[in-house]
């Protein structure tokens, strides 16, 4: 694949592929730097994700968005190259590292929520650590992101100008759904068990019952009992970080 060119970008190698697209490492001759290109067969999906990234990716824990173009009947999203591994490939070694990662994910989510979106697909494969450093994190992949129902008027004005459509959440879906996912991810990072629910969490020994209580509240089946915002959950978890 090396030596092939799309638009102005010199393709270096294929990094990964799935049902919805492929990711390549490429060189941008204008910026003179390595970038990542997400190539998607659905131009509509690619354009939608590119618009979302342009709206939200101005935070240090989100990948920088550079460019969108169409070539060979595919949509291409050009973004920051992240030299690291996902949490599927590299897991924390202790409680403090797990909490550090969780708090930084929450910082990114707080930024996304303030703009009016829900990530909707928070999992180990969508969190990357740069050079294995928990202090250098990126929350990635916004293909499933949804526009919050109470922000649709403001953001759809901009999206219509670019002929972009969004999946808008119903009134029962909000940022607390992202917080449930991040709490579940935190449990995995702490104990290495996946798909832990509110009910099975009660059977798990986290050693720190106060921390367990915080995570349990974030995962409560009754959404009204959960933390309302990412900031609230961050403030509840911060005291456990020493």
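Modelled spin labels at residue 123 and residue 240, positioned 7 Å past Cα toward Cβ, are 2.3 nm from each other. Mean residue ellipticity at 222 nm, helices only, the chain: -11000 deg cm²/dmol; runs of at least 4 DSSP H residues each add -39,500 (n - 2.57), and the sum is divided by the number of residues.
Which percentage, to the nearest 5, of the DSSP beta bridges contained in the chain is antiparallel?
Of the beta bridges lying entirely in the chain, close to 95 percent run antiparallel.
Mean projected area of the convex hull spanned by the Cα atoms of the chain, taken over all viewing directions: 13.7 nm². Computed from the Kirkwood radius of its Cα pairs, the Stokes-Einstein diffusion coefficient for region 174-232 at 4 °C and 1.567 mPa s stands at 114 µm²/s. The C-alpha radius of gyration of region 5-80, expressed as a fraction of 2.2 N^0.38 Å, stands at 1.02. Taking the chain as a Gaussian network of alpha-carbon nodes connected by springs under 10 Å, the highest mean-square fluctuation of the residues 139, 206, 103 belongs to 206.
Read the figures in this text as sums done on the coordinates, not as results from a lab. Since the model is a prediction, treat every value here as computed from it, not as a measurement. Every residue, glycine among them, receives a Cβ derived from its backbone with ideal geometry; neighbour counts consider all protein chains shown.
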